[in-house]
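Where a number appears in this text, it was derived from the coordinates with a stated rule and is not lab data. If you're wondering where the values come from, they're calculated on a predicted model, not measured in any experiment. Glycine gets a Cβ as well: all are built from the backbone with ideal geometry, and neighbour counts include every protein chain shown.
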Amino acid sequence: MIRRGFQVVARLGQHRALPGTRRILPRLNPTSAFGSSTDSLVSRFCPEKTDLKDYALPNASWCPDMLSLYQEFLEKTKADGWIKLPSFKSNRDHIQGLKLPSGLAVTSDKSDWRIFTRCIPVEGQGYEYVIFFHPSKKKSVCLFQPGPYLEGAPGFAHGGSLAALMDETFSKTAYLAGEGLFTLSLNIRFKNRLPLGAGRPALSPEPL
């Protein structure tokens with residue numbers, strides 16, 4: 001199981017360059033970037049009506065354990081305050097209206113930008129995951145089933161693929177909590193291997 005205590009997401013506006021190195025990220029203003037409340041961030045992140053495809057929904061590749069965990073947390077959205085987060089193919093679709101400084105703003109006419117964890121379009125071959133977020137506790141749970149394209153050791157998920165999903169989960173948690181957006185440091189100590197095709201829950205810590 002993943003150990004808690006990762007040094008994961010930096011608070012916006014508190015980034016400092018390492019001694020002897022150039023500062024590459026411009027300072028962000030938390031107020032203008034995040035708005036006034038977690039509720040407003042969640043509302044913008046989870047639109048009630050959209051034509052965008054939600055990749056965080058069950059499909060034929062999900063194993064029974066993954067489906068069971070999904071149903072368990074879906075029940076918690078009805079009474080326990082948890083929210084199922086949609087997962088679109090690009091973060092651009094999630095952060096519409098976020099005011100980034102000119103140094104980070106990107107303009108392009110390309111239409112197929114993808115989050116790294118959504119870059120394998122074939123169901124069941126790469127990242128199959130869904131994130132549930134609890135606004136008042138500012139915590140998330142990510143349910144994850146790794147596919148064969150994420151293989152490291154034969155039959156097991158590559159450590160780098162797991163790190164990428166942890167990074168994605170933690171950054172979403174920090175963003176919705178109004179605490180941060182960019183990862184400055186990610187330290188991981190794996191305690192066991194993760195078999196491919198197995199659905200597993202991973203609890204995210206609170207943003208730093």
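Each residue, Asn187 and Ser90, gets one label point 7 Å from its Cα in the Cβ direction; the gap between the two is 3.6 nm. Restricting the range 156-202 to trypsin sites (Lys or Arg not before Pro) that sit in a DSSP loop and have at most 16 other Cβ atoms within 10 Å of their own Cβ leaves Arg189, Lys191, Arg193. Straight-line cross-link partners of Lys78 among the aspartates and glutamates, defined as a Cα under 17 Å from its Cα and at least 8 positions apart when in the same chain: Asp39, Glu48. Working note: Karplus 6.51/-1.76/1.60 with θ = phi - 60° gives the range 182-187 the couplings 10, 8, 9, 8, 9, 10 Hz, where Gly and Pro are set to x.
Taking 0.36 nm per residue of separation and subtracting the Cα-Cα distance, full extension of the segment from Asp39 to Gln71 would add 9.1 nm. In this simple spin-label model, placing a label point 7 Å from the Cα along the Cα-to-Cβ direction at both Phe116 and Lys137 gives a separation of 2.8 nm.
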